[in-house]
Amino acid sequence: MKESQKETLLDNLRKICKLNNLKLTPQRIMLYRELLDSTDHPSADIMFKKAKKKFPSISFDTVNRTLLTFSRIGVVSIVEGYGSPRRFDPNVIHHHHFHCIKCQEISDFVNQTYDELNVPDDIQNRCVVFNKKVILEGICEACKN
Ligand SMILES: [Zn+2]
Ligand SMILES: [Zn+2]
């Protein structure tokens, strides 16, 4: 991600924290920056390892709670349906996922046809759909070879 793009997202984070009466501590900024640099949908454990390099005294609990706070205020999302541990996604722009069942990699892709999938009548009549997300499961290129 470009540095200018990151600055825009950080500005956005500042505003959202303010709206939610959250203090934007150096630890929170660092964690958000680390997330923006991650394309692998990291777990809290992986984020903890990254965070410790910058803030050696940070605790796992702080990292985990911060990530959950980020997801509550909508600046990251929790990746759905891959079991535990929870995985976090800094990409809140609409996209779909490919999940490798061997190495557990989750990669992003965009696809207009999937965005426009019809919602089954039964669901349409009973519920309100906000978001359509397709998850492809299989074996990634690296694992295949
Ligand atoms: Zn794989
Ligand atoms: Zn994603």
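None of the figures in this text is laboratory data; all of them are computed from the coordinates on show. In this text, all values refer to a predicted model and were calculated from it rather than measured experimentally. Here Cβ is always computed from backbone atoms with ideal geometry, including for glycine, and neighbour counts include all displayed protein chains.
Below is a table of values for the structure above.
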item: The chain - Kirkwood radius from inverse mean 1/r over Cα pairs (Å); result: 16.9
item: Loop-resident sites, region 1-90, for trypsin sites (Lys or Arg not before Pro), counting at most 14 other Cβ within 10 Å (DSSP); result: 2, 23
item: Cut-off 13 Å between beta-carbons: net charge of the residues surrounding residue 18, Lys and Arg +1, Asp and Glu -1; result: +3
item: 0 to 90° range, to nearest 10: angle between helix 26-36 axis and the chain longest Cα axis; result: 30
item: Considering only the chain, percent of DSSP beta bridges that pair antiparallel, nearest 5; result: 65
item: Pairs of lysines in region 46-145 (C-alpha under 26 Å apart; 8 or more residues apart or interchain); result: 6
item: Percentage relative contact order, the chain, counting C-alpha pairs under 8 Å, at least six apart; result: 19
